[in-house]
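These notes concern the structure reproduced below.
The values are calculated or read from the model by the stated rules, or taken from the named source; none is laboratory data. As the structure is a computational prediction, the values presented were derived from the model and not from experiment. Here Cβ is always computed from backbone atoms with ideal geometry, including for glycine, and neighbour counts include all displayed protein chains.
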Amino acid sequence: MIKSDAQRERTLAQIEGFRMALAKVEQEALGKRSKAIRDSYASMIRQLEDEVYDYDQLRAGELALPDIERLDQIAPFVAKIRISKGVSQSELARRLGVSKQVISRYEENEYQTVAIARLQQILDAIGVKTVVTLSA
């Protein structure tokens, strides 16, 4: 998943690199090995384009969250929520009084290692209202 504009730009560069490699392979003889390489490059291009599309959708504020029933289900959505709210990693870091690298590390692990109290601070910092219901 792309989590920043810088990652988006690197992904676009990767797509261009794969397109150039694909074009080179397409000029070569048609053999089983050549076809497998072409298919591999085409597949990678599609995957990276999908990631760029998903990031662009999030940046446009388009995010549908599923119903979450457990606290441990929240973490994988935090970066997506941050992006859809238009908050950069740097801005979130500033709001929390930490470095951008801290946010980057959190997101590399999909916030799985963040304590609940810190997760609440992060959600507050990106403007997410949380409602918790406990039932026995």
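Based on this model, can you work out whether ILE103 counts as touching a helix residue (DSSP H, G or I) at 6+ places or on another chain (Cβ under 8 Å) and closer than 18 Å to THR11 by Cα?
Criteria not met by ILE103.
Here is a list of conditions, (1) in contact (Cβ under 8 Å) with a residue 24 or more places away in the chain; (2) of a type in the set (A, V, I, L, M); (3) surrounded by 15 or more Cβ atoms within 10 Å (Cβ to Cβ); (4) in a helix (DSSP H, G or I), and ALA21 meets all of them except one; can you say which number that is?
(1)
Could you please find all residues in region 122-136 being surrounded by 15 or more Cβ atoms within 10 Å (Cβ to Cβ) and more than 15 Å from GLN73 (Cβ to Cβ)? Walk me through it before giving the result.
Of region 122-136, the ones surrounded by 15 or more Cβ atoms within 10 Å (Cβ to Cβ) are 122-123, 125-126, 128.
Listed by number, the residues that qualify are ILE122, ALA125, ILE126.
Condition check: hydrophobic (A, V, I, L, M, F, W, C), in a helix (DSSP H, G or I), at pLDDT 95 or above and more than 12 Å from the chain's Cα centre (by Cα). Does ILE37 satisfy that?
no
Going through LEU92, LEU30 one at a time, which residue ends up being out of contact with any His (no Cβ under 6 Å at 6 or more places or on another chain), touching a residue at least 12 places away in the same chain (Cβ under 8 Å) and either assigned to a helix (DSSP H, G or I) or among the aliphatic types (A, V, I, L, M) (or both)? Full working, then the answer.
Working: LEU30 fails: touching a residue at least 12 places away in the same chain (Cβ under 8 Å).
Checking each option against the conditions leaves just LEU92.
So VAL98 fits all but one of (1) under 30 Å from ALA21 (Cβ atoms); (2) outside any helix (DSSP H, G or I); what number is the exception?
(1)
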